[in-house]
1. With each label point set 7 Å from Cα along the Cα-Cβ vector, what nm distance links residue 104 and residue 142?
2. Say a paramagnetic label sat at a point 7 Å from the Cα of residue 82, along Cα to Cβ; which residues of the stretch 98-118 have their backbone N under 19 Å from it?
3. Could you check which residue among 113, 157, 56 shows the biggest mean-square fluctuation in a GNM of the chain with a 10 Å Cα cutoff?
4. In Å, what Rg and Dmax follow from the Cα atoms of the stretch 61-180?
5. Given H placed 1.01 Å from N in the peptide plane, which residues other than close sequence neighbours of residue 89 have an amide H under 5 Å from its amide H?
6. Could you size up the charge dipole of the chain around its Cα centre, putting +1 on the beta carbon of Lys and Arg and -1 on that of Asp and Glu, and report it in debye to the nearest 20?
7. Would any residue of the stretch 154-180 have its amide N under 12 Å from a label point 7 Å out along Cα→Cβ of residue 116? List them or say none.
8. Sort out the exposed loop GluC sites (Glu not before Pro) in the chain (DSSP loop, at most 16 other Cβ within 10 Å) and tell me the longest stretch that has none.
Amino acid sequence: MPSGSQRSDMARHLWLIGMMGSGKSSIGAPLAERLDMGFVDTDAALEIQTGMAISAIFSEHGEPWFREEESRMLTRLAEGDEPHVVATGGGVVLGAANRAAMRNSGLVIWLFADLATLIGRVGLAEGRPLIGRANPVASMDQLLVERYDMYADAADAQVSTIDREIADVMAEVEQLWQSK
Ligand code: S3P
């Protein structure tokens, strides 16, 4: 995780990465407003683009198709000149090209939470196709373990969202952005 200051000349976008339930959308929208930047939630944008819920995209087209569309959207955003706060889907870091595109176009903040917190927020995982209903804790744990190094590879900084108010997390992310 290099320091954000090494990337100041190219940091147009503020990328929020992290697991489902880490707080990307909850923090991203008000933060964008505060920073007077555009806001994109890539899942919501994909749902609008396809006219389908994420769970329907997974069941009808499959995960590889979803990942391709997700990467296409991410590349478009990364290459755009207008600065955005982007709340990404939890699996965006699976693609090495996605990680590079984010790193090369902005400041990447990894919103982090422990397993119990993530499960508490995601609940019964309605609309989260990768979290099995049979054993959501084990599914989430496995994803967390599999992805840990990828989040670390993509991120400039890690910010905990455990037991913290949204305003508090926002203030920390804003400080990182201002000092990038
Ligand atoms: C996914 C996370 C989801 C969504 C899709 C896959 C993942 O987004 O993109 O269900 O692979 O972790 P959120 O992280 O916004 O829940």
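1. My value for the distance between the label points is 3.3 nm.
2. 105-107
3. Between 113, 157, 56, it is 56 that shows the largest mean-square fluctuation.
4. Using the Cα atoms of the stretch 61-180, the pair Rg, Dmax is 15.1, 44 Å.
5. Those lying under 5 Å, H to H, from residue 89 are 42, 43.
6. On the way: 15 positive and 26 negative charges, 39 e Å.
It comes to approximately 180 debye.
7. Residues 163 fall inside that zone.
8. Numbers: sites that count: 126, 165.
Longest gap between qualifying sites, sites excluded: 1-125.
Readers should treat all values here as calculations from the given coordinates under stated rules, not as data from a laboratory. Quick caveat, the model's predicted, so the values are computed rather than measured. Virtual Cβ from ideal backbone geometry, glycine too; neighbours counted across all protein chains shown.
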